[in-house]
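Working notes, beginning with the structure itself.
The values are calculated or read from the model by the stated rules, or taken from the named source; none is laboratory data. Just so we're clear, the structure is a prediction, and the values are computed from it rather than from any experiment. Cβ sites come from the backbone with ideal geometry, for glycine too, and all protein chains shown count toward neighbours. The accessibility values were calculated without ligands, DNA or RNA, using every heavy atom of the protein model including side chains. Shrake-Rupley method; radii C 1.70, N 1.55, O 1.52, S 1.80 Å.
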Amino acid sequence: MSPLKLFSLIPLFAVLLIIYLVMMMSGVDFSAAAEPLFSATLLSGAEWAPTISDILIILGVVLLYIEIFKSTRTGTTSIIEHGISMATFLAFLIIFLTIKDAGTPTFLILTLMSLLDVVGGFTVTISAARRDWGGGHAH
(Lines give C-alpha, C1' and ligand atoms only; values in the text may rest on other atoms or scores of the structure.)
Protein backbone atom coordinates (compact mmCIF):
# COMPACT_ATOMS: atom_id res chain seq x y z
CA MET A 1 0.00 0.00 0.00
CA SER A 2 1.39 3.40 -0.97
CA PRO A 3 2.13 5.97 1.76
CA LEU A 4 -0.50 8.31 0.29
CA LYS A 5 -3.18 5.61 0.42
CA LEU A 6 -2.10 4.71 3.96
CA PHE A 7 -2.34 8.39 4.96
CA SER A 8 -5.85 8.59 3.48
CA LEU A 9 -6.97 5.91 5.94
CA ILE A 10 -6.31 8.23 8.87
CA PRO A 11 -9.55 9.95 9.87
CA LEU A 12 -9.14 13.71 9.98
CA PHE A 13 -10.99 13.72 13.29
CA ALA A 14 -8.14 11.68 14.79
CA VAL A 15 -5.80 14.52 13.82
CA LEU A 16 -8.24 17.04 15.33
CA LEU A 17 -8.40 14.96 18.52
CA ILE A 18 -4.60 14.99 18.81
CA ILE A 19 -4.51 18.76 18.19
CA TYR A 20 -7.13 19.33 20.91
CA LEU A 21 -5.33 17.10 23.41
CA VAL A 22 -1.96 18.77 22.78
CA MET A 23 -3.56 22.19 23.20
CA MET A 24 -5.38 21.03 26.34
CA MET A 25 -2.14 19.71 27.87
CA SER A 26 -0.47 23.02 26.97
CA GLY A 27 -3.03 24.87 29.09
CA VAL A 28 -5.21 26.40 26.34
CA ASP A 29 -8.44 27.83 27.75
CA PHE A 30 -11.46 26.31 25.98
CA SER A 31 -14.02 27.96 28.25
CA ALA A 32 -16.64 30.43 27.07
CA ALA A 33 -14.66 33.16 28.84
CA ALA A 34 -11.50 32.51 26.77
CA GLU A 35 -9.78 35.45 25.14
CA PRO A 36 -10.58 36.01 21.46
CA LEU A 37 -7.78 35.24 19.02
CA PHE A 38 -8.56 38.34 16.97
CA SER A 39 -11.49 40.56 16.13
CA ALA A 40 -12.95 41.77 12.87
CA THR A 41 -15.70 44.23 12.14
CA LEU A 42 -18.29 42.82 9.78
CA LEU A 43 -20.15 44.83 7.15
CA SER A 44 -23.11 44.93 9.51
CA GLY A 45 -20.98 46.69 12.10
CA ALA A 46 -20.98 43.68 14.41
CA GLU A 47 -17.64 42.66 15.87
CA TRP A 48 -16.64 39.03 15.29
CA ALA A 49 -14.12 37.87 17.90
CA PRO A 50 -13.62 34.10 17.68
CA THR A 51 -11.90 32.10 20.41
CA ILE A 52 -9.75 29.02 19.89
CA SER A 53 -12.88 26.93 20.60
CA ASP A 54 -14.76 28.68 17.80
CA ILE A 55 -11.90 28.04 15.38
CA LEU A 56 -11.74 24.34 16.34
CA ILE A 57 -15.48 23.97 15.75
CA ILE A 58 -15.18 25.67 12.35
CA LEU A 59 -12.30 23.34 11.52
CA GLY A 60 -14.43 20.40 12.67
CA VAL A 61 -17.24 21.39 10.28
CA VAL A 62 -14.79 21.58 7.37
CA LEU A 63 -13.26 18.22 8.30
CA LEU A 64 -16.72 16.66 8.58
CA TYR A 65 -17.45 17.72 5.01
CA ILE A 66 -14.17 16.23 3.79
CA GLU A 67 -14.77 12.99 5.70
CA ILE A 68 -18.29 12.60 4.29
CA PHE A 69 -16.88 13.23 0.80
CA LYS A 70 -14.23 10.55 1.44
CA SER A 71 -17.07 8.17 2.37
CA THR A 72 -18.31 8.10 -1.21
CA ARG A 73 -15.50 5.69 -2.09
CA THR A 74 -16.28 2.02 -1.92
CA GLY A 75 -13.88 -0.84 -1.42
CA THR A 76 -11.86 -2.61 1.24
CA THR A 77 -9.96 0.49 2.30
CA SER A 78 -13.19 2.38 3.00
CA ILE A 79 -14.24 -0.37 5.42
CA ILE A 80 -10.90 -0.06 7.22
CA GLU A 81 -11.28 3.73 7.35
CA HIS A 82 -14.78 3.40 8.83
CA GLY A 83 -13.41 1.11 11.52
CA ILE A 84 -10.68 3.62 12.39
CA SER A 85 -13.28 6.42 12.41
CA MET A 86 -15.37 4.38 14.86
CA ALA A 87 -12.31 3.94 17.10
CA THR A 88 -11.67 7.69 16.89
CA PHE A 89 -15.24 8.45 17.95
CA LEU A 90 -14.91 6.02 20.87
CA ALA A 91 -11.68 7.77 21.91
CA PHE A 92 -13.49 11.14 21.79
CA LEU A 93 -16.35 9.74 23.90
CA ILE A 94 -14.12 8.07 26.49
CA ILE A 95 -11.94 11.18 26.82
CA PHE A 96 -15.02 13.41 27.14
CA LEU A 97 -16.43 11.21 29.92
CA THR A 98 -13.21 10.59 31.84
CA ILE A 99 -10.89 13.61 31.52
CA LYS A 100 -12.02 16.70 33.38
CA ASP A 101 -10.32 19.23 31.05
CA ALA A 102 -12.06 17.63 28.05
CA GLY A 103 -15.50 18.13 29.59
CA THR A 104 -16.15 21.29 27.61
CA PRO A 105 -18.92 22.22 25.18
CA THR A 106 -16.29 22.48 22.43
CA PHE A 107 -15.07 18.93 23.01
CA LEU A 108 -18.66 17.65 23.13
CA ILE A 109 -19.45 19.31 19.79
CA LEU A 110 -16.30 17.78 18.24
CA THR A 111 -17.30 14.40 19.71
CA LEU A 112 -20.74 14.69 18.10
CA MET A 113 -19.13 15.65 14.78
CA SER A 114 -16.98 12.54 15.04
CA LEU A 115 -20.16 10.49 15.64
CA LEU A 116 -21.78 12.09 12.57
CA ASP A 117 -18.65 11.20 10.59
CA VAL A 118 -19.10 7.54 11.55
CA VAL A 119 -22.86 7.38 10.98
CA GLY A 120 -22.74 9.50 7.82
CA GLY A 121 -19.79 7.54 6.48
CA PHE A 122 -21.52 4.20 6.90
CA THR A 123 -24.75 5.58 5.44
CA VAL A 124 -23.07 7.09 2.37
CA THR A 125 -20.94 3.98 1.78
CA ILE A 126 -23.91 1.63 2.04
CA SER A 127 -25.95 3.81 -0.33
CA ALA A 128 -23.09 4.00 -2.83
CA ALA A 129 -22.48 0.26 -2.60
CA ARG A 130 -26.16 -0.50 -3.22
CA ARG A 131 -26.04 1.66 -6.33
CA ASP A 132 -22.78 0.08 -7.50
CA TRP A 133 -24.17 -3.43 -7.04
CA GLY A 134 -27.47 -2.64 -8.77
CA GLY A 135 -29.51 -2.83 -5.57
CA GLY A 136 -30.79 0.73 -5.75
CA HIS A 137 -34.00 1.27 -7.71
CA ALA A 138 -35.28 4.64 -8.78
CA HIS A 139 -38.92 5.18 -7.97
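General remarks:
- Answer residue from segment 112-131, given it is of a type in the set (V, I, T) and more than 30 Å from G27 (Cα to Cα) and is least open to solvent (accessible area, probe 1.4 Å) among those: T125
- Residue within segment 5-24 that is open to solvent by 80 Å² or more (accessible area, probe 1.4 Å), of a type in the set (D, E, K, R), in contact (Cβ under 8 Å) with a residue 40 or more places away in the chain and part of a helix (DSSP H, G or I) present: yes
- Test: residue in segment 55-63 that is within 11 Å of G121 (Cα to Cα) and either among the basic types (K, R) or in a helix (DSSP H, G or I) (or both): no
- Segment 25-45, residues that are of a type outside the set (A, V, I, L, M) and open to solvent by less than 40 Å² (accessible area, probe 1.4 Å): F30
- Qualifying residue in segment 34-41 (condition: out of contact with any Asp or Glu (no Cβ under 8 Å at 6 or more places or on another chain), at pLDDT 95 or above and outside any loop (DSSP other than H, G, I, E, B)): no
- Taken over segment 64-103, the residue count meeting the criterion of being small (G, A, S) and without any contact (Cβ under 8 Å) to a residue 60 or more places away in the chain is 6.
- Conditions (1) of a type in the set (S, T, Y); (2) open to solvent by 80 Å² or more (accessible area, probe 1.4 Å); (3) more than 18 Å from the chain's Cα centre (by Cα); number of the one not met by T77: (2)
- Qualifying residue in segment 90-111 (condition: assigned to a loop (DSSP other than H, G, I, E, B), open to solvent by less than 60 Å² (accessible area, probe 1.4 Å) and closer than 20 Å to S26 by Cβ): yes
- Just so you know, in segment 46-67 the residues that are open to solvent by 50 Å² or more (accessible area, probe 1.4 Å) and not aromatic (F, W, Y) include one that is nearest to A33 (Cα to Cα), and it is D54.
- Conditions (1) in contact (Cβ under 8 Å) with a residue 24 or more places away in the chain; (2) farther than 16 Å from I19 by Cβ; (3) touching a Ser or Thr at 6+ places or on another chain (Cβ under 6 Å); number of the one not met by A49: (1)
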